Amino acid sequence: MSATVGPAPPEVVRALAPDGTLRAAINFGNPILANRHPATGEPVGVSVDLARELARRLGVKVELVQFSAAGKVVEAVSANEVAIAFVAIDPERAVTTVYTAPYVVIEGAYLVREGSPLRANEEVDRDGTRVAAAKGSAYDLYLSRELKNAKIVHATTSQAVTDTFIAQKLDVAAGVKQQLQMDAARIPGLRLLPGRFMAINQAMGTPRPRAVAGDYLKAFVEEMKASGFVAASLVRHGIQGAAVAPAAAKP
């Protein structure tokens, strides 16, 4: 188990909460990270728990800045409008974001109709295949690099991917496996292709102008994994399809 992270240095508190409030981006576009409480509508989930715990350790208030899609979160980070965000690691985003190591790993999967001839992930990248993906999501960025023949058609959010796939009579829907499983449960005649097309490493990030806080955030995430905080949060919120990420390699 990692050593307990000590009190945050003053420069870290100033970087993350200069006015005494930690502005944390919460993305409802990924149901593994955040959802709304069915009774109160309040944000709940592992990212919410981590944001609250970080604010407690910094000795500041927390403001949960809510977004419906990862692309909007990335825009807020790029504009330095939030102090922390919970986003998938991607080389394009690293230009504006300082990442921790991952705290959870989730799977990117494909959804097709029951009658589709596609049976394996490797069969998707063919001429004429149209794939629905949420614009700016981690899997959109990945597929934009990896797919050489198939065409990506963008949906506005992850929740809208399957509906876009159906409405536009596309061939494949790409997304977080848990979201696609929920979609397949509510819409008859759909199936997931076996396995995954990518592992999505979810990390905590902070805007580059706040990079002085990077080392503290990295140590915080390692403690949250090693202490069981992340695992307990996933269980408490009934999240399946996500695994606690392994400890970061020693530098």
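The values are calculated or read from the model by the stated rules, or taken from the named source; none is laboratory data. In this text, all values refer to a predicted model and were calculated from it rather than measured experimentally. All Cβ positions, even for glycine, are placed from backbone atoms using ideal geometry, and neighbour counts span all protein chains on display. Side chains are part of the model used for accessible areas, which takes the heavy atoms of the whole protein and leaves out ligands, DNA and RNA. Shrake-Rupley method; radii C 1.70, N 1.55, O 1.52, S 1.80 Å.
So the values come out like this:
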| quantity | calculated |
| --- | --- |
| Which of Leu16, Ala213, Asn30, positive extreme of dipole for the chain (C-beta unit charges) | Asn30 |
| Length-normalised contact order for the chain - Cα pairs under 8 Å, 6+ apart - percent | 28 |
| Extension gain (nm, one decimal) between Arg52 and Ala211, 0.36 nm per residue minus Cα-Cα | 55.2 nm |
| Under the Karplus curve 6.51 cos²θ - 1.76 cosθ + 1.60, θ = phi - 60°, whole-Hz ³J(HN,Hα) for region 115-125, x wherever Gly or Pro sits | x, 5, x, 6, 10, 9, 4, 5, 8, 5, 7 |
| Lysine pairs meeting the criterion (Cα under 19 Å, 8 or more apart or interchain), as found in the chain | 8 |
| Computed FRET value (nearest 0.05) for Ala232 with Glu75, which takes r as the C-beta separation and R₀ as 30 Å | 0.40 |
| Amide H contacts under 5 Å for Leu190, placed H, 5+ residues apart | Glu114 |
| Long-range amide H partners of Ile26 with built H, under 5 Å | Val65, Gln66, Phe67 |
| For the chain, with +1 on Lys and Arg beta carbons and -1 on Asp and Glu, the positive-most of Ala79, Pro91, Ser227 along the dipole | Ser227 |
| Potential lengthening between Ser68 and Glu11 on full extension [0.36 nm per residue; Cα-Cα distance subtracted] | 17.4 nm |
| Relative contact order of region 7-48, defined on C-alpha pairs under 8 angstrom at six or more residues apart (%) | 24 |
| Cα centroid separation, region 166-230 to region 116-158 (Å) | 16 |
| Signed unit charges on C-beta, dipole axis of the chain, positive-most listed residue Asn121, Ala132, Val46 | Val46 |
| Accessible area of the chain belonging to carbon and sulfur atoms, whole % at 1.4 Å probe | 54 |
| Nearest-20 debye value, the chain charge dipole, Cβ charges on Lys, Arg, Asp, Glu | 120 |
| Volume in Å³ per residue [convex hull over Cα atoms, computed for region 135-216] | 133 |
| Most mobile of Arg208, Arg52, Arg126 in a GNM of the chain (Cα contacts under 10 Å) | Arg126 |
| For region 102-251: accessible area per residue (Å², 1.4 Å) | 46 |
| Computed E for Thr156/Asp19 - FRET, C-beta separation, R0 30 angstrom, nearest 0.05 | 0.40 |
| Structure-based [θ]222 nm, the chain - -39500 (n - 2.57) summed over DSSP H runs of at least 4, per residue, nearest 500 | -8500 deg cm²/dmol |
| More than 23 Å apart - percent of Cα-Cα pairs taken over the chain | 50 |
| Inverse of mean 1/r across different Cα pairs in region 85-181, Kirkwood, Å | 14.0 |
